[in-house]
């Protein structure tokens, strides 16, 4: 896919009408950006990727779901809703 097609596709998705001059300009800009990235890819840094530049002292705990035994809003919910006959849905109070 050439850069003109990419610009055309993006302009259609964004619903932007571009003139031929704008399409050529954006096509050239996309080409320049991709060339810059290809130059960066050529660099052999020999550095292992890191997520944090500074080591963290804190350990994160394992995220384990727990059942919440007491629902403080249970009574309020039961007072203000109506459960449908099939038991699948709840009908709330009318607002207006």
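General observations
- With contributions of -39500 (n - 2.57) from each DSSP H run of at least four residues, the per-residue ellipticity at 222 nm computed over the chain stands at -14000 deg cm²/dmol.
- Length-normalised contact order for the chain - Cα pairs under 8 Å, 6+ apart - percent: 15
- Overall dimensions of the stretch 3-42, expressed as equivalent-ellipsoid semi-axes from the Cα gyration tensor (√(5λ), whole Å, largest first), are 23, 10, 6.
- The alpha-carbon positions of the chain define a convex hull whose volume is 367 Å³ per residue.
Every read-out reported here was derived from the displayed coordinates using simple, explicitly stated rules and does not represent laboratory data. The shown structure was predicted, so the numbers you read here are calculated from the model rather than taken from an experiment.
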